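One structure below.
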Amino acid sequence: MNHPVLNVVVARRRDEALDIASFELRSEDDVPLPAFDAGSHIDVHLPNGLVRQYSLCNDPHETHRYTIAVLRDEAGRGGSKAVHDLVCEGDRLQISAPRNHFALAREAGHHLLLAGGIGVTPILCMAEHLASAGESFDMHYCTRSKERTAFVERIAQAGFAKSVQFHHDDNPGGSTFDIEQALNRAPAGTHLYVCGPRGFMDFVLDTARAKQWPEDRLHYEFFGVLANQPAMGGRFQVRIVSSGATIDVPPECTVVQALAANGIEVLTSCEQGVCGTCLTRVIAGEPEHLDSYLTDEERAANDQFLPCCSRAKSPLLVLDL
Ligand code: FES
């Protein structure tokens, strides 16, 4: 699935913390950008051909700009390094319109916002929105150290600064994040939102689930495959409806890789189940959805899946290829 692209200019680049830079994107012709909600992200087409997804972290009331912040990840697959090394002020980029798979719950009486590291980007946007809407929330922002903490000044100057607590791993005398306490103190009916590194998110979500927090009050966004993805999937087969060819998908291979090994190319971008580029119609069989792109209703329909990461519950999937 290809999303329509918007042409933007990098109006400002700013170092926000060690290895974290923010980028302010404006439309080329100063036409207002599509509106977005807190928790939204955009696809960014990078100069080296990669496409990566980044959360918007400016005030969602703004339509004159989008702001993203990117952590340089030396161990990553090249997206964040390309952003840091190749994207400068004045550059033109193509992006998608915002999409939101991490929206605030309208019915919540209180919101508990938990950010780990660069996961602060959608969480800060949520805080901006909740503060301006006069809604009740607390935010905890956990980082490895003060020098790796982005947006400190912006938060300190915000009207909601008192609702934000900072926690740094390297600060034994300072505040440490106590998830049990944060959950225990949350008023009844609180909705929890968490974004950050996988370990941080698992820790938060496992603790909340152990305390019987219902799933519909837990909101999270993995920029990557879902938490419940097995380390290694089972073996299954896919059949190509146009040719009738049946292809084995071994445990160590994605469907996209298995197809490519048999000369069938599926267009991909993020390869993490986030962008929707590889969306493929399923004619028969039951997919095991491991993406973070489809909605719950779309997953339940079982008539499409993301073969860059998702697998099969049934022994065979028949694909509309
Ligand atoms: Fe992005 Fe599959 S390539 S969801």
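Taking segment 129-150 as the range and being out of contact with any Ser or Thr (no Cβ under 8 Å at 6 or more places or on another chain) and more than 20 Å from ALA186 (Cα to Cα) as the test, the residues that pass are SER132, ARG144, SER145, LYS146, GLU147, ARG148. Of all residues in segment 63-102, those being assigned to a loop (DSSP other than H, G, I, E, B), at pLDDT 95 or above and open to solvent by less than 40 Å² (accessible area, probe 1.4 Å) number 1. If only residues of segment 240-276 that are in a loop (DSSP other than H, G, I, E, B) and among the charged types (D, E, K, R) are counted, the one that is nearest to the ligand (Cβ to nearest atom) is GLU271.
Just to be sure, is GLY263 at positive phi and open to solvent by 50 Å² or more (accessible area, probe 1.4 Å)?
Considered against the rule, which asks whether it is at positive phi and open to solvent by 50 Å² or more (accessible area, probe 1.4 Å), GLY263 comes out as yes.
Of the residues examined, LEU33 is one that is modelled with pLDDT of 90 or more and assigned to a loop (DSSP other than H, G, I, E, B). The residue that is farthest from ALA127 (Cα to Cα), counting only those in segment 160-188 that are open to solvent by 90 Å² or more (accessible area, probe 1.4 Å) and either of a type in the set (D, E, K, R) or in a loop (DSSP other than H, G, I, E, B) (or both), is PRO172.
The test for being farther than 26 Å from GLU271 by Cβ and touching a residue at least 12 places away in the same chain (Cβ under 8 Å) holds for SER132.
Pairs are defined by a Cβ separation below 8 Å, a sequence spacing of at least 6 or placement on different chains, a first member in segment 12-26 that is free of Cβ contacts under 8 Å to residues at least 12 places away in the same chain and farther than 11 Å from ILE68 by Cα, and a second member that is aliphatic (A, V, I, L, M) and open to solvent by less than 30 Å² (accessible area, probe 1.4 Å); the pairs so defined are ASP15/ALA21.
Being under 21 Å from the mean Cα position of the chain (by Cα) and open to solvent by 60 Å² or more (accessible area, probe 1.4 Å) is the filter here; which residues of segment 269-294 pass it? Listed by number, the list holds a single entry, GLU271. Here LEU130 does not qualify as in contact with a helix residue (DSSP H, G or I) (Cβ under 7 Å, 6 or more places away or on another chain) and open to solvent by less than 10 Å² (accessible area, probe 1.4 Å).
For segment 239-260: of the residues being among the hydroxyl-bearing types (Ser, Thr, Tyr) and touching a residue at least 24 places away in the same chain (Cβ under 8 Å), which is least open to solvent (accessible area, probe 1.4 Å)?
Among those residues, the one meeting the criterion is THR254.
The values are calculated or read from the model by the stated rules, or taken from the named source; none is laboratory data. Quantities reported herein were computed from a predicted structural model and do not represent experimental measurements. Every residue, glycine among them, receives a Cβ derived from its backbone with ideal geometry; neighbour counts consider all protein chains shown. Each accessible area value is taken on the protein alone, full model and side chains, heavy atoms only, with ligands, DNA and RNA left out. Shrake-Rupley method; radii C 1.70, N 1.55, O 1.52, S 1.80 Å.
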